[in-house]
Amino acid sequence: MLPASILPAAVSEIVGAAGAVAFSGSRSPATAATAEQLAAVLDIIRPGIPVLVGCARGVDAAVRSARADAFIFRVQEISGSATIARPYHFAKRSQWMIRTLAELPAPLLVAFPTGPCPAGLVPSSNARRCFAGHGSGTWATAAFAAGLNIHVLICSQNIRDLNAWSAVPLSNDWLLIPSSRSAD
């Protein structure tokens with residue numbers, strides 16, 4: 001178990017208050033620090049809190065490994081094939097996960113993108129606007145979650161201008177895109 005102290009206090013507080021937590025992130029996480037931060041977040045999720053995650057390698061695989069009770073959103077359930085998955089299947093899978101998360105109390109998405117937010121991508125409740133070929137599934141998932149009024153925590157060393165997202169910096173590596181939901 002890693003000390004939660006590697007996380008900013010605000011991140012620990014937000015994760016600790018969540019009623020359900022979904023994860024999105026790169027298939028190739030950037031640094032060991034990302035893995036440590038992910039592990040610390042997983043360690044502070046309260047017992048019994050639903051954890052939602054995709055079926056990819058990288059961040060998804062780390063979450064599945066740490067949380068045997070995680071609800072896994074599988075591309076195969078979207079594509080109908082165990083062997084064929086197109087990029088749009090991954091987008092549909094992420095949309096399904098976020099729509100499910102939105103139905104749960106006090107939802108939180110924790111995202112670990114590798115690169116900066118693509119130009120022109122902003123939060124929207126319209127999945128087609130978010131998943132429009134901007135080049136980053138993690139950022140598209142975060143934009144869709146924020147558009148559905150879900151708290152989004154972003155951990156990245158590539159945080160740049162996100163004024164259009166109403167982002168609140170929590171540290172050099174963490175941002176919060178707050179929802180306007182009242183406490184569920």
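Numbers at a glance
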quantity	calculated
Total residues in segment 57-71, condition in a loop (DSSP other than H, G, I, E, B) and either within 13 Å of the chain's Cα centre (by Cα) or closer than 17 Å to residue 156 by Cβ (or both)	1
Count of residues meeting criterion [in a helix (DSSP H, G or I) and of a type in the set (S, T, N, Q)] in segment 90-146	5
Residue in segment 120-131 that is hydroxyl-bearing (Ser, Thr, Tyr), touching a residue at least 12 places away in the same chain (Cβ under 8 Å) and within 23 Å of residue 62 (Cβ to Cβ) present	no
Of all residues making up segment 18-40, the number that are part of a helix (DSSP H, G or I) and modelled with pLDDT of 95 or more	0
Number of positions in segment 149-166 that are at pLDDT 85 or above and more than 12 Å from the chain's Cα centre (by Cα)	1
Condition met for residue 59 (modelled with pLDDT of 90 or more and buried (at least 18 other Cβ atoms within 10 Å of the Cβ))	yes
Sole exception among (1) modelled with pLDDT under 90; (2) touching a Gly at 6+ places or on another chain (Cβ under 7 Å); (3) surrounded by fewer than 17 Cβ atoms within 10 Å (Cβ to Cβ) for residue 91, by number	(3)
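Table: residues versus (1) more than 22 Å from residue 28 (Cα to Cα); (2) buried (at least 16 other Cβ atoms within 10 Å of the Cβ); (3) modelled with pLDDT of 90 or more.
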site	(1), (2), (3)
67	no, yes, yes
70	no, yes, yes
78	yes, yes, no
85	no, yes, no
101	yes, yes, yes
109	no, yes, yes
134	no, yes, no
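The values are calculated or read from the model by the stated rules, or taken from the named source; none is laboratory data. Keep in mind it's a predicted model, so treat the numbers as computed, not measured. Using ideal geometry, Cβ is built from the backbone for each residue, glycine included, and neighbour counts are taken over all protein chains shown.
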